[in-house]
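The values are calculated or read from the model by the stated rules, or taken from the named source; none is laboratory data. In this text the structure is predicted, and so the values were computed from the model without any measurement. Backbone-built Cβ (ideal geometry, glycine too); neighbour counts: all protein chains shown.
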Amino acid sequence: NAGVTQTPKFQVLKTGQSMTLQCAQDMNHNSMYWYRQDPGMGLRLIYYSASEGTTDKGEVPNGYNVSRLNKREFSLRLESAAPSQTSVYFCASIPRGGREQPQHFGDGTRLSIL
Amino acid sequence: GESVGLHLPTLSVQEGDNSIINCAYSNSASDYFIWYKQESGKGPQFIIDIRSNMDKRQGQRVTVLLNKTVKHLSLQIAATQPGDSAVYFCAENVWTSYDKVIFGPGTSLSVIP
């Protein structure tokens, strides 16, 4: 049981390049989330998907797009990377509805934008 | 405004001692609280949670205390071990149009052998 799997683990991009961060969970969870983690700022929500077929903005969605490809997969796309998007990105999931349930996290993608 | 903060950014304890990590929250509508542990290079890992209708919950070597009067949350780790060295985050859940989770900035716990 792999849980939440994120790929790639590391990536270096040049300003203006695009890329997609992949996330997949094998726990049959309904809700999935994308966070970024920056030093001293905790985790901030970029986008979430309450269920297959729906996506919504979180606190810091600018510069990002998402796709909930199916129940298992939730991808995050940077269309034109900027240095301010240098961060560690985490994907998380919750079984159903999310009420009073802890999130399950992947091990992150460390992204550097030069 | 909404915020979840930790009183100390770093904490060092001797192996075998008890650790206490504190957290303050500001949203009185929050009804569910979680503590996560994050080791270097890993994602946050669930430790223990507590609902707002409780004031104490115990797990294996860990206890979470909730004081809603002063909006304070603490995590107690008994007999701290080197493997407990990590960053600890508190998080609060508040229902808006979705289950919003607000994370604190984290406390780095170092265990001295």
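A few notes on this one:
- Residue in the range A:88-104 that is surrounded by 16 or more Cβ atoms within 10 Å (Cβ to Cβ), at pLDDT below 95 and more than 10 Å from every other protein chain (Cβ to nearest Cβ) present: yes
- A:V66 vs. criteria in contact with a Leu (Cβ under 8 Å, 6 or more places away or on another chain) and at pLDDT 95 or above: yes
- Residues of the range A:40-58 that turn out to be at the interface with another protein chain (Cβ under 9 Å from one of its Cβ atoms) and either without any contact (Cβ under 8 Å) to a residue 40 or more places away in the chain or part of a strand (DSSP E or B) (or both), as a count: 9
- Which listed residue, of B:N93, B:N53, is in a loop (DSSP other than H, G, I, E, B), out of contact with any Cys (no Cβ under 9 Å at 6 or more places or on another chain) and either over 28 Å from A:R36 (Cβ atoms) or at the interface with chain A (Cβ under 10 Å from one of its Cβ atoms) (or both): B:N53
- Against the test of being touching a Lys or Arg at 6+ places or on another chain (Cβ under 9 Å) and away from chain A (no Cβ under 11 Å), the options B:S12, B:S26, B:S110 yield a single qualifying residue, B:S26.
- Applying the condition of being exposed (fewer than 15 other Cβ atoms within 10 Å of the Cβ) and closer than 13 Å to A:F90 by Cα to the range A:1-19 and asking which residue is farthest from the chain's Cα centre (by Cα) yields A:F10.
- Single match in B:L65, B:L109 (criterion: in contact (Cβ under 8 Å) with a residue 24 or more places away in the chain, more than 15 Å from A:P102 (Cβ to Cβ) and assigned to a strand (DSSP E or B)): B:L109
- Among the criteria (1) farther than 20 Å from A:L43 by Cα; (2) within 11 Å of chain A (Cβ to nearest Cβ); (3) under 14 Å from the mean Cα position of the chain (by Cα), the one B:S19 does not fulfil is (2).
- Checking the stated criteria, B:K42 turns out not to satisfy the condition of being charged (D, E, K, R) and farther than 29 Å from A:V4 by Cα.
- Tally of residues being charged (D, E, K, R) and either within 14 Å of chain B (Cβ to nearest Cβ) or assigned to a loop (DSSP other than H, G, I, E, B) (or both) across the range A:69-87: 3
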